Amino acid sequence: MQQKQKLEPAIALADEQLVSLVRSGDPDAFSTLYERYFRRIYHYVDKRLHNRADTEETVQEIFLNLFASLTNFRGDAPFASWAFGLARHVVANRFKKKRPPSVPLLDSDTGYPGLATACSSREPAPDESYEHAEQLSRVRHALEHTLSEEQRQLFFLHHLEHQSIEEIAQALHKSEDAVKSHLYRARKLLLAQAL
């Protein structure tokens, strides 16, 4: 009962006042900030990661960073902006960690495909080979089962046949915007399967 009375006034306080209370050692003030921002930050992260376990882990990391960084909050901008800036940074770092290693399509010096050069320079580790094989399998499956016939055709013409959007639009009697839209959706579906 006594704890409820202590939290009720904290709920009415502005974010900046709660930050001051946290800095002075009031744990209830951080609980109030947590309750105030948890749903919004969770929703923000979930829209980007699309995986419940990753989302929960990332939200925990965000609030740990938020708590640890409260001494750096100067109040130049609203607390919400600062908190979401930190959330964006943590999510961006998650994507960097998940990004598979890439090989340039063209060697910048010769203009020829760089894949042979990159592959001959070192042998991939067994786990890298397995991971790449798994990703390739997921992309192939998505190409065959997730994309529509039209999306497959457009993807093939643009990315494998190297035809321009304008050429494809003329050949298929579609607008360039329609071709771009279908390609965008196809790439988004394939990327979701590859990660």
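The table below lists the values:
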{"quantity": "³J(HN,Hα), Karplus 6.51/-1.76/1.60, whole Hz, each residue of the range 18-24, x for Gly, Pro", "calculated": "5, 4, 4, 5, 4, 4, 8"}
{"quantity": "Computed P(r) (all Cα pairs; the range 2-98; 5 Å bins; percent)", "calculated": "2, 13, 25, 22, 17, 12, 7, 2, 1, 0"}
{"quantity": "Ranked list, fewest to most other Cβ atoms within 10 Å of each Cβ, for L172, L191", "calculated": "L191, L172"}
{"quantity": "Alpha carbon centroid spacing (whole Å) that separates the range 136-172 from the range 68-84", "calculated": "45"}
{"quantity": "Estimated FRET transfer efficiency (F38, H162; beta-carbon r; R0 41 Å; 0.05)", "calculated": "0.30"}
{"quantity": "Amide H within-cut-off set for T146, under 5 Å, with H built and near neighbours excluded", "calculated": "none"}
{"quantity": "Phi to ³J(HN,Hα) by Karplus 6.51 cos²θ - 1.76 cosθ + 1.60 over the range 52-68, Hz, x for Gly, Pro", "calculated": "4, 5, 5, 4, 4, 5, 5, 5, 4, 4, 4, 5, 5, 5, 4, 4, 5"}
{"quantity": "Full-stretch length increase - K180, A80 - with 0.36 nm per residue and alpha-carbon distance subtracted", "calculated": "32.4 nm"}
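Since every read-out is calculated from the coordinates, none of them should be taken as a lab result. Note that the structure is predicted; figures quoted are calculated from it, not measured. Note that each Cβ is placed from the backbone with ideal geometry, even for glycine, and that neighbours are counted across all protein chains shown.
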